[in-house]
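Have a look at the structure below, then the notes.
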Amino acid sequence: MLKPSRRMLSAATALLATSLFAATALAQASQQNPQQAPPASHSDHDHTMAAPTNLKVLPKNLTGQQVHEIMETWEGSLGAHCSTCHAADPKNIGPNGRPRLNFADDSKPEKATARLMFTMMEDINKSYLKKLDDSPKITCGTCHRGHLDPEPYVIPPEEHGPPPPPPAK
């Protein structure tokens with residue numbers, strides 16, 4: 001069995017004293033400011049979304065979280081990012097040093113296009129597909145399939161070869 005050296009005992013004592021000091025300081029700080037919650041760690045950070053302020057085609061009673069979830073679905077369906085439709089606000093700089101997006105700003109034409117496309121999709125679902133039995137709803141992904149500009153559909157060539165020649169006269 002190893003006999004602890006004087007240096008090891010000193011280091012252990014210093015570590016214990018530092019731990020006790022830190023615990024005491026935390027306890028005193030929480031007693032002085034009981035209404036203040038301890039800082040949240042990254043894992044339990046609440047990602048609350050601000051209430052939307054400029055909804056024109058989505059229902060106005062949606063919460064910020066609901067709008068955020070819809071936008072994430074649209075991003076995936078279009079293979080796009082928030083900045084595709086939302087303009088940066090040079091007056092509002094984020095912690096990364098870059099401007100945050102101004103979600104209420106309507107200056108980008110892509111945002112108007114997204115509203116028009118959403119309105120068209122809703123009209124197709126309500127006015128036409130709803131009249132068919134067991135018809136699925138269309139979504140942005142129905143046409144876009146992860147691409148900002150949907151790829152044109154090309155009819156595949158017939159599998160049976162070229163059409164027969166016209167009959168001889």
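Work from the charge dipole of the range 64-144 (Cβ charges, +1 for Lys and Arg, -1 for Asp and Glu, about the Cα centre) and give the residue of Asn125, Gly64, Ala88 farthest towards its positive end.
About the Cα centre, the residue reaching furthest to the positive side is Ala88.
If you rank Leu129, Leu78 by fewest surrounding Cβ atoms within 10 Å, what's the result?
On the way: Leu129 12, Leu78 23.
Placing the least packed residue first, the sequence is Leu129, Leu78.
Could you state the principal axis extents of the C-alpha atoms in the range 64-144, from the largest down, to the nearest angstrom?
That works out to 53, 22, 20 Å along the principal axes.
In what order do Tyr128, Tyr153 fall by count of nearby beta-carbon atoms within 10 Å, going from fewest to most? Please list the in-between numbers first.
Numbers: Tyr128 11, Tyr153 7.
Going from least to most buried by this count: Tyr153, Tyr128.
By counting other Cβ atoms within 10 Å of each Cβ, how are Ser83, Ser77, Ser107 ranked from fewest to most?
Working: Ser83 12, Ser77 17, Ser107 9.
Taking fewest neighbouring Cβ atoms as first place, the list is Ser107, Ser83, Ser77.
No value in this document is a laboratory result; all are computed from the given coordinates. On a predicted model such as this, the values are computed, not experimentally measured, just so you know. Cβ sites come from the backbone with ideal geometry, for glycine too, and all protein chains shown count toward neighbours.
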